[in-house]
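K.L.:
Can you read through this structure? Questions will come right after.
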Amino acid sequence: MPETITKTPGTATDTAAPALHMSMQQALNRALDEILADDPKTVIFGEDCGRLGGVFRITDGLQAKHGEDRVFDTPLAESGILGMSVGLAMAGFHPIPEVQFDGFAYPAINQIICQIARMNYRSRGTLPMPITLRVPSFGGIRAPEHHGESLEALFAHVPGLKVVSPSNPHDAYHLLKYAATRPDPVIFMEPKSRYWQKGPVDVTTATPGPATPDGGMDDGGSLTGARVAREGRHLTLVAWGAMVARCLQVAELAAEDGIDVEVLDLRWLKPIDAEALARSVGKTRRAVVVHEAPLTSGLGAEVAQLITQRCFDTLKAPVERVTGFDVPYPSGDLEDEYIPNIDRILFGIQRVLEYRRG
Amino acid sequence: MTTKPVFAAVDDAAPLTHEQLRELYSLMASVRHLDSAAVAWQRQGIIPGYAPELGQEAAQVGSGYAVDRSRDFVFPTYREMGVARAMGLDMVGYMSTHKATWHGGMYNPLESRFAPIQAVVAGSVLHAVGWAHGQTLSRLPEGETGVAMTYFGDGASSQGDVHEAMNFAAVMKAPVVFFIQNNGWAISVPTERQVAGGSVAARAAGYGIPSVQVDGNDVVAVYEATRAAFAHCRAGHGPVVIEAMTYRRGPHSTADDPGRYRSLDEERLSAGEDPVERFRQRLLADRVADEAFFAEAQRRAEKEEEVVRSGIEALGPRPGAEMFSLVFQEPTPALQSQAAAWRKESEHA
């Protein structure tokens, strides 16, 4: 695939070394290629990920390069794919299964929740599950039913799972390499509407390892924590995945009205980087959480609570949420009404800024 | 489907010696006694619950005895105590799951080659396929391939995962033995209301998998069928389905009341010959063992039960900290702070 070298000043990867300019699809593909080369125990499998290279071409060319033992097609059955991952992990492999579309994780939910998430616990730590489940996630591509869902709250609620979602090519590359080398199961939610957006990717630096000896979060500077995508003073927009780019757009528009918005890209949805939230909102004193998933019992509530607990004394307004609605993910024609758009996010910002204590 | 194995590879192992036949009987006697004792422990309040296997001793011991613990791996549900015993598991570790000490038991699955006990029937059938495919991917020299054996019942065969597992295994030619114990009952529902298509083994034809229906009350027949299936898998010919026809003589679990769905007369008529007594008569008739041997086997079984019971009684609850520390290999900060709060508050209380 074509890769062009560009200088990328003013980005997170603004270093002396030039960064590659590539799409998230290319970044993920490159990460998988390198993971396969680095770890002979890694296997990639799922529906159509072999010869076709996946319906989104994330595994493009990997079977030809690494062989049919390392990258292979399975029968069309998600429970089978995920259940097979458990057995492969028990046999010492590092599976990177793919569920073709987020909504097709539902048929595999028993294997994900009852098996993958619990086997380490059930076996008292003797059978770790170093599985990275890649899930093309969220809406925004006008796909048919079940081809666009926001499952992050469902996954994050399950003990034993970790959940991450990149928002740009650079993070996608490093987060996938990081997730694939961890000994615990990680649900890797790829924002499919961002697959073809290009951005700088610095592949010259090694992917950081766990920030602390116990695998906990650090100060947000490395990939194990959240990332300040844009600095601001007046309020913090908290987002992840595809919503980060939209929040950055909103921040630019708000700036025209003199409102200085900080955008916090959460990246990890479990564990959530509570310290980064506290740091950002401690500074701005106002927060709006933006997510595509339905409002009720969504991760926005979790984020709001983490902020409230840490910043209650300094908050100038209750934490607001701008989210999808409590309806099934609608058809493509209604998607724009459902997914938080620029106007709805601006209204959310307005509610927070105009809040007055009663 | 056939009652004679038609597997591609020839099982060229020697027939069972008299010593092995006596060992099989001793295992069945141990399993029978431990199983009955576990029901009694529940009534005595030593354990909160148990899933008995009265009547399935031949199916379990015969198949478990065929496992090569240096390379094979077994994927059980929650009613495979006889398999565990035949494979030489630490039985206190095994029974600890019924003591409610720890889900999955306290034995080491990697050392014992016996996956953690689990309640979602058919869930582990797919794990066996994945593990078996890992054997294929490892490209081992001929004959060194480990075989996965997965246990499930007539009830579990209704789960979609069994279909996916058989289809995956057949497509990938995975070395896995699907060992079905058809014990006649899925809790209260009889096989004819559970299994369409005549039998579970009959389904194998649809996947192109060789299958055999075996008399599950005949320990030698079960052993030979399993051994033949292992030889087939090890030679690279793909999976095998074995359906052992047996009968669950007792309740599904210690909380079950079989009187609500079958009468004692029906039980006597349907259960057939007791597999332990049947094997005893055979060994006597063949002059492989005498009454003194059977009496000694019973004494050893009773002694063993005492050791397991005292081991179970001595098991205290696990330290609460394990609840937190065994969720992840790399714990999350949130979990660590929950553990710290729990420690502080429980110490305070």
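The values are calculated or read from the model by the stated rules, or taken from the named source; none is laboratory data. Computed from a predicted model, the values in this text were never measured in an experiment. Positions of Cβ are generated from backbone atoms using ideal geometry, with glycine treated the same way; all protein chains shown enter the neighbour counts. Keep in mind that these areas ignore ligands, DNA and RNA; they rest on the heavy atoms of the full protein, side chains included. Shrake-Rupley method; radii C 1.70, N 1.55, O 1.52, S 1.80 Å.
K.L.:
Kindly indicate whether any position in the stretch B:139-157 is without any contact (Cβ under 8 Å) to a residue 40 or more places away in the chain and touching an Asp or Glu at 6+ places or on another chain (Cβ under 9 Å).
P.N.:
Within the stretch B:139-157, one or more residues are without any contact (Cβ under 8 Å) to a residue 40 or more places away in the chain and touching an Asp or Glu at 6+ places or on another chain (Cβ under 9 Å).
A quick yes/no check of all residues on (1) among the small types (Gly, Ala, Ser); (2) closer than 20 Å to A:Arg351 by Cβ; (3) touching a Gly at 6+ places or on another chain (Cβ under 6 Å); (4) at pLDDT below 95:
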position: A:Thr236; (1), (2), (3), (4): no, yes, no, no
position: A:Ala239; (1), (2), (3), (4): yes, yes, no, no
position: A:Leu253; (1), (2), (3), (4): no, yes, no, no
position: A:Ile272; (1), (2), (3), (4): no, no, no, no
position: A:Ala287; (1), (2), (3), (4): yes, yes, no, no
position: A:Gly298; (1), (2), (3), (4): yes, yes, no, no
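K.L.:
Provide a single number: the residues in the stretch A:322-348 that are in a strand (DSSP E or B) and either of a type in the set (Ser, Thr, Tyr) or open to solvent by 80 Å² or more (accessible area, probe 1.4 Å) (or both).
P.N.:
Total satisfying the criteria: 1.
K.L.:
Considering only the stretch B:90-112, how many residues are assigned to a loop (DSSP other than H, G, I, E, B), within 16 Å of A:Arg122 (Cβ to Cβ), more than 9 Å from chain A (Cβ to nearest Cβ) and open to solvent by 10 Å² or more (accessible area, probe 1.4 Å)?
P.N.:
6
K.L.:
I'd like to check something: does the stretch B:271-278 contain any residue that is within 14 Å of chain A (Cβ to nearest Cβ) and at pLDDT 95 or above?
P.N.:
The answer is no; no qualifying residue exists.
K.L.:
A follow-up question, please. Across the stretch A:349-358, which residue is surrounded by the fewest Cβ atoms within 10 Å (Cβ to Cβ) among those that are of a type in the set (D, E, K, R) and modelled with pLDDT of 95 or more?
P.N.:
Filtering first and then ranking leaves A:Glu354.
K.L.:
Still on this structure, I have one more. Being more than 10 Å from chain B (Cβ to nearest Cβ) and crowded, with 24+ Cβ neighbours inside 10 Å is the filter here; which residues of the stretch A:117-148 pass it? Let's see the steps before the verdict.
P.N.:
Residues of the stretch A:117-148 more than 10 Å from chain B (Cβ to nearest Cβ): A:131-148.
Scanning the stretch A:117-148 gives A:Ile131, A:Thr132, A:Leu133, A:Arg134, A:Val135, A:Pro136, A:Ser137, A:Phe138, A:Gly139, A:Gly148.
K.L.:
Moving to a separate point now. Just one of A:Val244, A:Val290, A:Val352 is of a type in the set (A, V, I, L, M, F, W, C), in contact (Cβ under 8 Å) with a residue 24 or more places away in the chain and outside any helix (DSSP H, G or I); which is it?
P.N.:
Details: A:Val244 fails: outside any helix (DSSP H, G or I); A:Val352 fails: outside any helix (DSSP H, G or I).
So the residue among A:Val244, A:Val290, A:Val352 that is of a type in the set (A, V, I, L, M, F, W, C), in contact (Cβ under 8 Å) with a residue 24 or more places away in the chain and outside any helix (DSSP H, G or I) is A:Val290.
K.L.:
When the stretch B:116-131 is examined, which residues are found to be crowded, with 22+ Cβ neighbours inside 10 Å and under 21 Å from B:Val200 (Cα atoms)?
P.N.:
Once the filter is applied, which keeps residues that are crowded, with 22+ Cβ neighbours inside 10 Å and under 21 Å from B:Val200 (Cα atoms), the stretch B:116-131 yields B:Ala122, B:Gly123, B:Ser124, B:Val125, B:Leu126, B:His127, B:Ala128, B:Val129.
K.L.:
Tally the residues that are among the acidic types (Asp, Glu) and open to solvent by less than 50 Å² (accessible area, probe 1.4 Å), restricting the search to the stretch B:266-305.
P.N.:
Number of matching residues: 4.
K.L.:
Let me ask you something else. Could you count how many residues in the stretch B:227-261 are among the aliphatic types (A, V, I, L, M), open to solvent by less than 10 Å² (accessible area, probe 1.4 Å) and out of contact with any Gly (no Cβ under 6 Å at 6 or more places or on another chain)? Reasoning before the result, please.
P.N.:
So the first thing to find is which residues in the stretch B:227-261 are among the aliphatic types (A, V, I, L, M), and the list is B:228-229, B:231, B:235, B:240-242, B:244-245, B:255.
Within this subset, residues satisfying the condition of being open to solvent by less than 10 Å² (accessible area, probe 1.4 Å) are B:229, B:240-242, B:244.
This time we only want the ones that are out of contact with any Gly (no Cβ under 6 Å at 6 or more places or on another chain), so: B:229, B:240-242.
Here the count works out to 4.
K.L.:
Related question: Between residues in the stretch B:219-236 that are under 15 Å from B:Pro175 (Cα atoms) and residues that are part of a helix (DSSP H, G or I), which pairs lie under 6 Å by C-beta distance while being six or more apart or on different chains?
P.N.:
Taking only residues 6 or more apart or on different chains, the pairs are B:Thr226/B:Ser63.
K.L.:
If you don't mind, there's one more thing I want to ask. Could you say whether any residue in the stretch B:60-74 is away from chain A (no Cβ under 14 Å), touching a Gly at 6+ places or on another chain (Cβ under 6 Å), within 28 Å of B:Val240 (Cβ to Cβ) and open to solvent by 30 Å² or more (accessible area, probe 1.4 Å)?
P.N.:
Looking through the stretch B:60-74, none of the residues is away from chain A (no Cβ under 14 Å), touching a Gly at 6+ places or on another chain (Cβ under 6 Å), within 28 Å of B:Val240 (Cβ to Cβ) and open to solvent by 30 Å² or more (accessible area, probe 1.4 Å).
K.L.:
Of the residues in the stretch B:309-341, how many are open to solvent by 40 Å² or more (accessible area, probe 1.4 Å), farther than 19 Å from B:Trp102 by Cα and not small (Gly, Ala, Ser)?
P.N.:
Of the residues in that region, 3 qualify.
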